[in-house]
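Below is one structure, written out as structure tokens, with a few remarks after it.
The values are calculated or read from the model by the stated rules, or taken from the named source; none is laboratory data. Quantities reported herein were computed from a predicted structural model and do not represent experimental measurements. We place every Cβ from the backbone using ideal geometry, glycine too, and count neighbours over all the protein chains shown.
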Amino acid sequence: MVETSLGSARHLQVAPAETPPRRRPALLIGGAAVVTAAALAWVWDAGGVQTWRTVMVAIVVQGVPFLVLGTVVSAAIGAFVPERVFTRVLPRNPALAVPVAGVAGAVLPGCECASVPVAGSLMRRGVAPAAALAFLLSAPAINPVVLVATAIAFPGKPEMVLARLAASLVTAVVMGWLWVAFGRPEWLRLPKAPADHGGGARNPLEEFRRGLQHDFLQAGGFLVVGAAAAATFNVLVPPSVLRTFSDSPWLGVPVLACLAVILAVCSEADAFVAASLTGFSPVARLTFMVVGPMVDLKLIALQSGAFGRAFALRFSGATFVVAVLASAVIGGVLL
């Protein structure tokens, strides 16, 4: 009897315990990307290294304050806002919740770096993914800071501000409705709340601290990845290449749309960049301002870290097409 028990114990010891797969920290991934890009830049020439470093640091410094704002808001929502608040404010029907969430994006004075962690927190609190995604797209594009910056960059042209507001809001709402109609749950990896290691009674302040640390460390690494990619493009492609497309009014639309994705300019500053592109048509410059806050390299990287790479590629591709079409139609009418 004893021998049988010992044999069973030995059998139990042989079977290895299943362990969850380890994930590499986002900061390590970002660091590896920066080192690799820096090595490539060094091969080009010393001047390229200096330009690459300047552009990358500028993008990171520009985005970090708003990333901090977004993670603070995200952690505060998760720790202090009860789920019943969202069920009362947003309609239960996701199709009706999408436009409400899109308009609500106007209240967050941040850029796209801030919208991703906030959208993830909304999903964790029970908000329908379609509504959270509409908020994610509209928040960096139609908030008061962005609209005021657009008015300053284009003085005496209120139609440009109106066109940006309309095209951005239409894009956000259409993408939310497209997710309601065609989105599949397996495409979206819902963000998980930070693990609670303390146990016992709920401590909102501790939840806030852990949520802030979790979201910032994860999003910060992917921000660096996107900034490195944008800086690499700046070094490789000379400005003279862009000037060859400025003579065509409609060819300039896809060119500036792609440029907005690659340059990854913060939404609070992109209006001034668009205003400086005087060789392009007003519709093309509007497209630059609509696409940039919704689809750029650092935003794709942030979405990949928060919701999964498969989702980021599908969602960003569809958003790019809808944003270009909305800009072309609304810009053609208003500008």
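Counted as qualifying within segment 19-137 are the helices (runs of 4 or more DSSP H) with 1 or more residues that are of a type in the set (Gly, Ala, Ser) and modelled with pLDDT of 65 or more, namely 46-80, 94-104, 112-124.
Within segment 153-168, the residues that satisfy the criterion of being farther than 22 Å from Asp296 by Cβ and assigned to a helix (DSSP H, G or I) are Pro158, Glu159, Leu162.
The set of residues in segment 277-310 that are surrounded by 24 or more Cβ atoms within 10 Å (Cβ to Cβ), charged (D, E, K, R) and within 16 Å of the chain's Cα centre (by Cα) comprises Asp296, Lys298. Can you give me the number of residues within segment 278-335 that are of a type in the set (Phe, Trp, Tyr) and under 30 Å from Gly156 (Cβ atoms)? Residues that pass the stated criteria total 2.
Matching residues to (1) without any contact (Cβ under 8 Å) to a residue 60 or more places away in the chain; (2) farther than 21 Å from Asn143 by Cβ; (3) in contact with a helix residue (DSSP H, G or I) (Cβ under 6 Å, 6 or more places away or on another chain); (4) polar (S, T, N, Q):
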| residue | (1), (2), (3), (4) |
| --- | --- |
| Pro293 | no, no, yes, no |
| Lys298 | no, no, yes, no |
| Leu313 | yes, yes, no, no |
| Val321 | yes, yes, no, no |
| Val324 | no, yes, yes, no |
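Checking each residue in segment 289-308 for being in a helix (DSSP H, G or I) and under 15 Å from Gly120 (Cα atoms) picks out Leu299, Ile300, Ala301, Leu302, Gln303, Ser304, Gly305, Ala306, Phe307.
Scan segment 261-276 for residues that are polar (S, T, N, Q) and surrounded by fewer than 24 Cβ atoms within 10 Å (Cβ to Cβ) and jot them down. Result: Ser276, single match.
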